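The values are calculated or read from the model by the stated rules, or taken from the named source; none is laboratory data. Just so it is clear, the structure is predicted and the values come from calculations on it, not from any experiment. Cβ coordinates were reconstructed from backbone atoms using ideal geometry, including for glycine residues, and neighbour counts include every protein chain displayed. Areas reflect the complete protein model, heavy atoms only, side chains present, ligands, DNA and RNA absent. Shrake-Rupley method; radii C 1.70, N 1.55, O 1.52, S 1.80 Å.
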Amino acid sequence: MVQALYLHVPFCPSVCPYCDFHKMLRHEGLVARYLDRLEEEIHENALQYPGPLRTVYLGGGTPSHLRDAELTRLLAAIDAAWGRDGREETTLEADPLTFDEDRLEVFAALGVDRLSLGLQSTQDDTLRYLGRLHDGAQGVEAVGMALASTMRVNVDVMTSMQEQDLERDLRTVAETGARHISVYGLTIEENTPFARRGYRVDEDRDAAAFELSDQVLAEYGLQRYEVSNFAANGEESLHNLGYWRGAFHLGLGPSATAYLPAHGPFGARIKQQPLKGWLLGAAPDVDVLDVDSYLLERLLTGLRTREGVDLAALRDKTGVALESTAGRWLDDTIKHDLLTLAGGRLTATPTGLQRLDAVMRAYVGSRRLMVTAGG
Ligand code: SF4
């Protein structure tokens with residue numbers, strides 16, 4: 001059953017030079033056409049996937065950059081299509097400068113019960129480097145305001161920037177009382193202004209940030225439950241846990257990706273077109289998962305989490321026992337303290353979590369060898 005909805009809002013108050021998400025500055029005509037098309041898409045999808053929805057996630061872009069009347073229209077369309085019965089979490093991504101106490105009440109009245117704040121840093125120099133509009137004091141004030149509301153709150157913190165005092169950022173955010181913090185390393189994506197300016201990420205800083213985050217946030221009772229996410233017990237993001245557990249979800253709006261029970265036993269990833277094509281109703285890209293890509297996805301996402309991957313459940317679903325088909329990879333990664341296998345669950349060790357790319361490259365390499373040997 002499909003019980004989760006991701007909805008993409010592509011409009012932002014400004015465009016950050018490191019960002020490669022599908023986003024653009026607000027344009028009145030486009031916002032109006034976007035909402036019209038979205039209402040249709042919500043209606044069509046609810047007929048095919050009637051829910052109920054456990055989780056709704058409005059991401060972007062900057063969904064909180066929509067005006068009250070626009071957000072009301074959007075959430076009313078979701079309510080009309082699926083109702084709120086059975087809803088356990090409705091998250092809204094928000095920029096610190098897009099709300100005040102009154103707006104938080106509007107969000108809550110619309111059913112939003114979790115706010116994910118794009119803070120990134122509490123230091124003015126670092127925020128300027130990232131091209132953010134808010135300064136450190138405004139960001140911390142916004143976090144405090146959100147925490148004083150009825151909503152659960154996540155705060156995004158970015159790492160690995162030159163001149164950033166990461167420990168100060170982590171402590172300042174944790175001191176606010178935030179119970180969920182996402183910690184992401186800056187990455188330089190192709191075709192962004194940062195890439196064109198030749199910016200590089202310092203890999204040593206990146207590795208140090210990983211350990212520092214564990215240490216500092218543990219002091220505040222926050223544990224890493226996914227490679228980039230820390231939470232106090234019970235404060236985890238239900239919506240994102242669904243992704244990492246391989247649950248189906250709808251993806252509506254331009255460039256949104258869905259994972260749906262369609263086109264075969266392992267489902268399909270459906271990626272909507274960017275805004276121009278999406279408004280014209282252009283067909284989405286469809287990627288049908290076969291058994292190999294399904295196994296790879298389950299390992300890729302499952303091993304990011306503290307709970308790891310249940311190998312028996314994977315075998316029941318696919319008919320493939322990894323102990324046989326990837327025995328050598330398992331033995332090697334366990335021997336080198338990258339993965340552990342206990343009670344049928346495969347999980348990454350702290351070292352393995354830091355080197356997940358290499359662990360997964362070794363898995364793909366071992367599969368290629370088998371195909372070559374077999375054929
Ligand atoms: S606010 Fe977020 S989505 Fe918008 S440009 Fe900046 S990083 Fe990208």
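Look at (1) within 16 Å of the ligand (Cβ to nearest atom); (2) open to solvent by 50 Å² or more (accessible area, probe 1.4 Å); (3) within 17 Å of Ala178 (Cβ to Cβ) and you find that Gly118 fails only one, number (2).
Looking only at region 325-355, residues that are among the small types (Gly, Ala, Ser) and assigned to a helix (DSSP H, G or I) come to 2 in all.
Go through the residues of region 10-21 one by one and say whether even a single one is in contact with a Phe, Trp or Tyr (Cβ under 7 Å, 6 or more places away or on another chain) and either open to solvent by 50 Å² or more (accessible area, probe 1.4 Å) or basic (Lys, Arg) (or both). Taking every residue of region 10-21 in turn, none turns out to be in contact with a Phe, Trp or Tyr (Cβ under 7 Å, 6 or more places away or on another chain) and either open to solvent by 50 Å² or more (accessible area, probe 1.4 Å) or basic (Lys, Arg) (or both). Of all residues in region 78-87, those that are assigned to a loop (DSSP other than H, G, I, E, B) and surrounded by 14 or more Cβ atoms within 10 Å (Cβ to Cβ) total 2. Restricting attention to region 264-293, the residues being in contact with a Phe, Trp or Tyr (Cβ under 6 Å, 6 or more places away or on another chain) and touching a residue at least 40 places away in the same chain (Cβ under 8 Å) number 2. Assess whether Phe107 counts as being within 16 Å of the ligand (Cβ to nearest atom) and among the aromatic types (Phe, Trp, Tyr). No: the conditions fail for Phe107. Entry remark, region 66-76: residues being surrounded by fewer than 23 Cβ atoms within 10 Å (Cβ to Cβ) and under 23 Å from the mean Cα position of the chain (by Cα) number 3 in total. Of all residues in region 11-33, those that are touching a residue at least 60 places away in the same chain (Cβ under 8 Å) and closer than 14 Å to Asp95 by Cα have Cβ atoms under 9 Å from Cβ atoms of residues that are more than 9 Å from the ligand (Cβ to nearest atom) and assigned to a loop (DSSP other than H, G, I, E, B), 6 or more apart or on another chain, in Cys12/Arg26; Pro13/Arg26; Cys16/Thr192. In this structure, is Asp68 more than 15 Å from the ligand (Cβ to nearest atom) and either in contact with a Phe, Trp or Tyr (Cβ under 6 Å, 6 or more places away or on another chain) or in contact (Cβ under 8 Å) with a residue 24 or more places away in the chain (or both)? Yes; evaluated as a whole, the condition is true for this residue. Listed by position, the helices (runs of 4 or more DSSP H) inside region 216-311 whose residues that are more than 21 Å from the chain's Cα centre (by Cα) and over 24 Å from Pro63 (Cα atoms) number at least 1 are 291-302. Taking each residue of region 171-187 that is basic (Lys, Arg) and looking for partners that are in a strand (DSSP E or B) and open to solvent by 30 Å² or more (accessible area, probe 1.4 Å) with beta-carbon atoms closer than 8 Å, six or more apart or interchain, yields Arg179/Arg152.
You will find that of Leu5, Leu47, Leu75, Leu71, the residue that is over 18 Å from Gly118 (Cα atoms) and in a strand (DSSP E or B) is Leu5 and no other. Looking across Thr333, Thr325, one residue alone is of a type in the set (S, T, N, Q) and either in contact with an Asp or Glu (Cβ under 9 Å, 6 or more places away or on another chain) or modelled with pLDDT under 95 (or both). It is Thr325. Note on region 8-33: among residues that are closer than 30 Å to Met158 by Cα and away from the ligand (no atom under 14 Å from the Cβ), the one that is farthest from the chain's Cα centre (by Cα) is His27.
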